[in-house]
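Heads up, the thing below is written out as structure tokens.
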Amino acid sequence: MCTAATYKTKDFYMGRTLDYEFSYGEQITITPRNYEFDFRFAGKIKSHYALIGMAFVAEGYPLYYDAVNEKGLGMAGLNFVGNAAYEEALPEDETEVSQVAQFEFIPWTLTQCATVADAREKLAAMRLTGTAFSEQLPTAQLHWIIADKDSCIVVESMKDGLHVYDNPVGVLTNNPPFPSQMFALNNYAGVSRKQPESTFAGVLQLDAYSRGMGGMGIPGDLSSQSRFVKVAFTKLNSISGEEEDESVSQFFHILGSVDQQRGCCEVTEGKYEITIYTSCCNTAKGIYYYTTYDNHQITAVDMHAENLDSDQLICYPLLSKGEVRWQNK
Ligand SMILES: C[C@H](CCC(=O)NCCS(=O)(=O)O)[C@H]1CC[C@H]2[C@@H]3[C@H](O)C[C@@H]4C[C@H](O)CC[C@]4(C)[C@H]3C[C@H](O)[C@]12C
């Protein structure tokens with residue numbers, strides 16, 4: 001499972017948890033402005049917006065899971081298994097719109113669009129194809145969240161076509177499709193951050209028997225529908241200071257509300273999904289913060305500390321070993 005969220009204070013933040021039972025060897029990857037993208041159908045782009053995000057680099061190509069560009073537009077791909085369906089690629093002379101392979105969707109969008117409005121325009125003239133990157137890396141069944149400081153959308157390619165939804169909560173998990181996830185929030189209309197009031201039945205006085213009963217009724221299991229509700233509640237009720245440290249700290253608490261611990265979710269015999277990493281990107285500053293399952297220290301990579309006019313990918317391996325800060329020895 002995975003969960004993505006946005007958060008706004010003075011700056012705009014976007015990030016995700018990556019929950020899975022194994023890692024591909026992903027790294028923090030900066031794609032500078034002059035790295036040449038040779039898209040399968042959409043031609044070459046030699047000069048473009050720079051990106052920073054998490055990617056598995058295969059044959060020199062950044063296969064992004066999530067990224068933001070230097071203009072503050074961000075995007076993340078999350079599993080949508082069983083619901084994602086892509087188009088067959090057509091010969092070039094049979095289509096007038098851009099064809100984009102699913103593994104190219106993040107770089108194709110973020111290299112060219114500065115805002116969600118730009119992305120919407122591009123999406124209106126695009127076919128998303130199921131073309132695989134290689135035999136070893138087959139098509140991933142995903143859906144995507146795209147956001148800037150002013151708006152957020154979800155893109156789902158399904159059997160009945162490409163759907164683009166407004167996302168007023170700025171959250172995405174996995175299945176079911178986004179409209180059903182949103183609808184489920186109606187079941188929690190009565191949930192509050194305040195102590196519960198006794199409204200169960202007029203004849204019965206029920207007591208708030210403990211402090212800290214805010215959010216009573218919010219689900220706590222690891223299913224994607226439950227994580228959607230939990231993280232939406234946490235994010236929409238979040239209060240933090242406006243400064244960078246306070247905002248980043250709060251962001252990790254928001255996604256921490258759906259953290260996946262080893263042992264709680266068995267996906268196949270003896271294999272457990274865990275939160276491999278959690279990311280938080282300051283989209284205005286181009287800083288990618290992350291933690292890993294065993295390293296709770298927030299680590300950061302700043303895209304503007306690099307030469308963004310280069311044509312070579314810049315990669316930082318995940319620092320995945322945690323350290324205990326001893327106070328008495
Ligand atoms: C497995 C990841 C999604 C995690 C997730 O949503 N888990 C939910 C589990 S569950 O269904 O709800 O049980 C996805 C997110 C991004 C994906 C990767 C990116 O799309 C980039 C390439 C795309 C290639 O087609 C396949 C390899 C790949 C490197 C993908 C592997 C894998 O599918 C990733 C890493």
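The values are calculated or read from the model by the stated rules, or taken from the named source; none is laboratory data. Remember, it's a predicted structure, so these values are computed and weren't measured experimentally. Note that each Cβ is placed from the backbone with ideal geometry, even for glycine, and that neighbours are counted across all protein chains shown. Areas reflect the complete protein model, heavy atoms only, side chains present, ligands, DNA and RNA absent. Shrake-Rupley method; radii C 1.70, N 1.55, O 1.52, S 1.80 Å.
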Subset of the range 69-87 [near the ligand (Cβ under 10 Å from one of its atoms) and over 15 Å from the mean Cα position of the chain (by Cα)]: VAL81, GLY82
Filtering the range 193-216 down to residues that are surrounded by 16 or more Cβ atoms within 10 Å (Cβ to Cβ) and either part of a helix (DSSP H, G or I) or on the phi < 0 side of the Ramachandran plot (or both) yields PRO196
Neighbours by Cβ (under 9 Å, 6+ apart or cross-chain): first from the range 75-99, touching a residue at least 24 places away in the same chain (Cβ under 8 Å) and open to solvent by 50 Å² or more (accessible area, probe 1.4 Å); second aromatic (Phe, Trp, Tyr) and within 15 Å of the ligand (Cβ to nearest atom): ASN79/TYR20
Exception for ARG127 within (1) assigned to a strand (DSSP E or B); (2) in contact with a helix residue (DSSP H, G or I) (Cβ under 9 Å, 6 or more places away or on another chain); (3) in contact (Cβ under 8 Å) with a residue 40 or more places away in the chain falls at (2)
Return yes or no: is GLY43 free of Cβ contacts under 8 Å to residues at least 40 places away in the same chain and more than 23 Å from HIS163 (Cα to Cα)? yes
So in the range 1-22, with the set limited to residues that are out of contact with any Leu (no Cβ under 8 Å at 6 or more places or on another chain) and under 20 Å from ILE146 (Cβ atoms), which one is nearest to the ligand (Cβ to nearest atom)? LEU18
Output the number of the condition that TYR64 fails; it satisfies all remaining conditions of (1) over 17 Å from CYS280 (Cβ atoms); (2) of a type in the set (Phe, Trp, Tyr); (3) crowded, with 16+ Cβ neighbours inside 10 Å. (1)
Checking LYS159 against (1) in contact with a strand residue (DSSP E or B) (Cβ under 6 Å, 6 or more places away or on another chain); (2) within 16 Å of TYR86 (Cα to Cα), only one condition comes out false. Which one? (1)
Any chance GLY25 is more than 14 Å from the ligand (Cβ to nearest atom) and surrounded by fewer than 16 Cβ atoms within 10 Å (Cβ to Cβ): no
Identify, from the list HIS304, HIS253, HIS296, the residue that is out of contact with any strand residue (DSSP E or B) (no Cβ under 9 Å at 6 or more places or on another chain) and either among the hydroxyl-bearing types (Ser, Thr, Tyr) or part of a helix (DSSP H, G or I) (or both). HIS253
For the subset of the range 142-190 comprising residues that are outside any helix (DSSP H, G or I) and hydroxyl-bearing (Ser, Thr, Tyr), which member is nearest to the ligand (Cβ to nearest atom)? THR173
Assuming TYR35 fulfils every condition listed in (1) open to solvent by 20 Å² or more (accessible area, probe 1.4 Å); (2) at pLDDT 95 or above; (3) more than 12 Å from the ligand (Cβ to nearest atom); (4) in contact with a strand residue (DSSP E or B) (Cβ under 7 Å, 6 or more places away or on another chain) apart from one, which condition is it? (4)
I'm trying to understand the selection: among the residues of the range 51-61, which are surrounded by fewer than 24 Cβ atoms within 10 Å (Cβ to Cβ) and farther than 17 Å from ASN79 by Cβ? VAL57, ALA58, GLU59, GLY60, TYR61
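Yes/no matrix, rows are residues, columns are (1) among the aliphatic types (A, V, I, L, M); (2) under 16 Å from the mean Cα position of the chain (by Cα); (3) closer than 29 Å to ASN282 by Cβ:
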{"residue": "GLU92", "(1), (2), (3)": "no, no, no"}
{"residue": "ALA114", "(1), (2), (3)": "yes, no, yes"}
{"residue": "LEU123", "(1), (2), (3)": "yes, no, yes"}
{"residue": "SER134", "(1), (2), (3)": "no, no, no"}
{"residue": "PRO138", "(1), (2), (3)": "no, no, no"}
{"residue": "HIS143", "(1), (2), (3)": "no, yes, yes"}
{"residue": "ASP148", "(1), (2), (3)": "no, yes, yes"}
{"residue": "LEU162", "(1), (2), (3)": "yes, no, no"}
{"residue": "LEU172", "(1), (2), (3)": "yes, yes, yes"}
